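This report concerns only the one structure given below.
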Amino acid sequence: MRGSPGDTILRRETMTTPRLTVILADDVLLDLEIGRTFFQRSGFRVLTARGGLDALALAVSELPDVVVLDQFMPGLTGTEVCARLKRAPTRGASPW
């Protein structure tokens, strides 16, 4: 026996894959906009930061799937953000 059309729609909605989250961090606004456009068109949820400290705070609070960092930013460099993320206590719940 076939279900009603409403049942089919419900199943499709529950079977959708959740969007992955990416954090883009760069102090150059144009680079952020280019990256945001690329990742959004690829289906990602995009969060942005204009400096290393903001990127670190976002990564710890949001637990993204991907973090893309500029090397030279105010506050912390991309390398410093990576080092701190690796030591973060919340890392166990995150892929990084």
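The values are calculated or read from the model by the stated rules, or taken from the named source; none is laboratory data. Predicted model only: the values in this text are computed from it and were never measured. A quick note on method: Cβ atoms are made from the backbone with ideal geometry, for glycine too, and the neighbour counts reach across all protein chains shown.
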Would a scan of segment 51-72 turn up a residue that is among the aromatic types (Phe, Trp, Tyr), under 16 Å from the mean Cα position of the chain (by Cα) and modelled with pLDDT of 95 or more? no
Mind listing whichever residues of segment 49-67 are buried (at least 19 other Cβ atoms within 10 Å of the Cβ), outside any helix (DSSP H, G or I) and in contact with an Asp or Glu (Cβ under 9 Å, 6 or more places away or on another chain)? 49
